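These notes concern the structure reproduced below.
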Amino acid sequence: MATFLYRLGRTAFRRRGYVALMWLAIVAAVGLGGMQASGASSDDSSMPGIESQKAYDLMQQRFPGASADGAGATVVFVAPDGQKVTATGNRKAIEETVDSLGNGSQVARVADPFESRAVSKDGSTAYATVTYKVAKDKVTDASRTAVNKSADEAREAGLTVETGGSAMEAGGGLSGVAEIVGISVAAVVLLITFGSLAAAGLPLLTAIVGVAVSLFGIMMLAHPLGLTSDTGTLGMMLGLAVGIDYALFVVSRYREERGKGHTPQEAAGLAVGTAGSAVVFAGLTVVIALAGLSVVGIPMLTKMGLAAAGAVVIAVLVALTFVPAFLGFWPNAVLARRGRKGSRTGDKAEAHAGSAQNVAVAKEEQGGKENLGTRWARFVLRRPIPVLILGVLSLGALAVPAASLQLGMPGDEAKSTATTERRAYDDLAKGFGPGFNGPLTVVVDAKGVSDPKAAVKRISEKIGDTKGIVSVSRAGFNKAGDTAVFQATPSTAPTDAKTKTLVKTIRAERPALESDTSATFEVTGSTALNIDVAAKVQSALVPYLITIVGLAVVLLMVVFRSVFVPLKAALGFLLSVLAALGVMVLVFQQGHLASLFGVEQTGPIMSLMPIFLVGIVFGLAMDYEVFLVSRMREAYTHGESARQAVVSGFRHSARVVVAAALIMIAVFSGFIAEDGSMIKTIGFGLAAAVLFDAFVVRMAIVPAVLALLGDKAWWLPKWLARILPRVDVEGEALSRRPAENQAQAENQPPAQAPDEPVEVRV
């Protein structure tokens, strides 16, 4: 591995013009394709294997003419205080608005609130339902503008009017705030880390190239593969974070190799051969975790995971090829200012002097044996047990709230009160009851029953008598008369735990009703769908954990030739992810410091969040494990003692790992400012998890455990050593190169022609 990547790095450095043109051509090609694409698809709510989906599929089959996929809008009218919507003037204004709503070319029908009995008992509130001929992603801005214009006419008559529904969602997308915040903080961190504008700018520039390729690629494939806008957001989030970090590690190793006196081309090869090896395996763990999301069996989750995995693969390829190519164009620009002197000519004497100065600068940057990373490592080595206990107890305490985790799918109730959708939700809940916003849809299959109407009536009455149901609508039959649909309105809100219990109670009554009527029924609707999805995610979490952790442990065994290091890495990850879930419960579910993070309404955590958090954070946690511990392993294989190897690993990697973690935290934190509740939650969870994993697990618990294990940390049974393939992540093959070949490589003039072939025996 190291030898192959060494040659790749030297080739990219030497053929820098071709490599740069190749990436620019890729950006142009996918950019052109992405700009001409149809755009993101509507949300893919298909959830195979759950009752809600089965009921929906049955409706599609038995009601072939129904526009089940059509978008809908709800216009809510509230009379002034002390008045009713049924008053003559108010009723006239509402009826005129309804007539105006029906004039749109995409509108299929509008339900008049007075004809459809959509008026609250106290007469204060009414609503009109607009059904469209097209899906929500096909609703045009002109159609949404027409709804808002009609609402304004009713407002002029003195009514309070709010709008909601799937048709009024403009598709969201990225505001740009998250990216600007993340890149700005990353630039500051990189500048402090390297002390060079060029060294700070290079990881940002190459990461942006990688993100552009992945984002345009997702845009190009969005329509044919049914990718949503959240897929592009997640791909950009991860692509930007890992793209900066991977380039950061390669550039940092390049500066270190230049400090040892290597020529630019040789330093680029060694950087890609060593740090690049860690990048490959770190990226592979992220890809395993993201691709593993497919085992959950939720199509939307699978698509988002695979798209994000593709973005990570592109980030790895950019770090291995585009970064050394850029270093070829400006080999001295990324060095510290003092290290650039004497390195700008091909003269051997001056180059030697420059190399000497680079060595001095490298020692100064690392602080010899007294930099902060070294001092921290020695502190942990002297007190491993207190550090270990403190780290485990602190994360364990933060993880306690995760025991009360409630899963759901936040809707309009989670939006800001400044939005008309949230105000419409609140008005409907106030006028018609908290359960009105999440009615249960019951689909009765009476095929083969002698008296379908009697069977449906019996089921409807029984469900209506269930404690927690306030009303049941009239059942509607299909043309064949063998299938009926009706709605049951709960007394509690869609995200209330009592509603979840109610759904379970209704489904528990099914066997007795089926025996009594010979008909069967299933419960669906958005509320039941969210409950079923949460249950499916919870049941899939353990198999998913076993899959990705098992594969990653095997991969890390191959990388580190150790049993205990991978096990320690997996256990540390579990601590950090549980602590992140606990903090999410504190903020998003219990409301502690909620206003600080822009959380308007507390409630259940998004159903898909735990599985997302586990998958993404596991990959990122293994990133830091590989980057940090690989330098310890490198020092250990080169003859240092186990304890001294820990110090050496921190001396070379601590500052860079800290910078990488701060960059990731900044990138993820920026997405907390986004409007979408899904992206906001993911951004917060990932930022918290990276904070805990990088600074508590990898920087404290890992060295403490390695100090206690000593040489046993690198133990691997002989029988397992024979089975596992041997890969060279530490670059041992590069350090064993014949002295004359290395000297030949070292003495090559830096101004060598780009197309001149170079043969290096490795």
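Annotations for the structure displayed:
- Contour excess over end-to-end distance, with Cα ends at ARG510 and ARG109 and 0.36 nm allotted per residue: 140.9 nm
- Region 439-524: C-alpha gyration tensor shape, a/c 1.5 cut-off, then a/b vs b/c: prolate
- Exposure proxy ranking, count of Cβ atoms within 10 Å, fewest first, for GLU625, GLU115, GLU257, GLU169: GLU115, GLU169, GLU257, GLU625
- FRET efficiency, ASP465 to LEU567 (Cβ-Cβ, R0 41 Å, nearest 0.05): 0.15
- One decimal place: the segment THR131-ARG474 gains 121.5 nm when fully extended, by the rule 0.36 nm per residue minus the C-alpha distance.
- Binning all Cα-Cα separations of region 65-168 at 10 Å, short to long from zero, yields these whole-percent fractions: 16, 50, 27, 7, 0.
- Cα-based helix-to-principal-axis angle, 299-317 vs the chain, degrees rounded to 10: 20
- Fewest-first ranking of GLU413, GLU266, using other Cβ atoms within 10 Å as the exposure measure: GLU413, GLU266
- Given their separation in residues at 0.36 nm each and the Cα-Cα distance between them, LEU372 and LEU551 gain 61.0 nm when the chain is fully extended.
- The label point for ALA87 and the one for LYS498, both projected 7 Å from the Cα toward the Cβ, are 3.3 nm apart.
- Whether the chain is rounded, prolate or oblate, judged on the alpha carbon gyration tensor where a/c under 1.5 counts as rounded: prolate
- Within a straight-line Cα-Cα reach of under 20 Å, LYS453 can be paired with the following lysines, leaving aside sequence neighbours fewer than 8 residues apart in one chain: LYS462, LYS479.
- Note on the chain: helix-only mean residue ellipticity at 222 nm, from DSSP H runs of 4+ residues weighted -39500 (n - 2.57) and normalised by residue number, equals -20000 deg cm²/dmol.
- In terms of surrounding Cβ atoms within a 10 Å radius of their Cβ, LYS680, LYS718, LYS498 rank from fewest to most as LYS718, LYS498, LYS680.
- Rounded FRET efficiency, nearest 0.05, which uses the C-beta distance separating LEU393 from THR145 and R0 of 51 Å: 0.35
- On Cα atoms only, tilt of 642-670 relative to the major axis of the chain in degrees: 40
- Taken about its Cα centre, region 639-712 carries a charge dipole of about 260 debye when Lys and Arg each add +1 at the Cβ and Asp and Glu each add -1 at the Cβ.
- Each Lys and Arg adds +1 at its Cβ and each Asp and Glu adds -1 at its Cβ; summed about the Cα centre, the chain shows a dipole of about 2340 debye.
- Mean Cβ count within 10 Å, highest first, over the residues of peptides 49-62, 697-710: 697-710, 49-62
- Peptides 202-209, 308-315, 449-456 ranked from most to least packed give 308-315, 202-209, 449-456, packing being the mean of other C-beta atoms within 10 angstrom over each peptide's residues.
Coordinate-derived values only; no laboratory data. Everything quoted here is computed from the prediction, not taken from an experiment. Don't worry about glycine lacking a Cβ; one is built from the backbone with ideal geometry, like all the others, and counts go over all protein chains shown.
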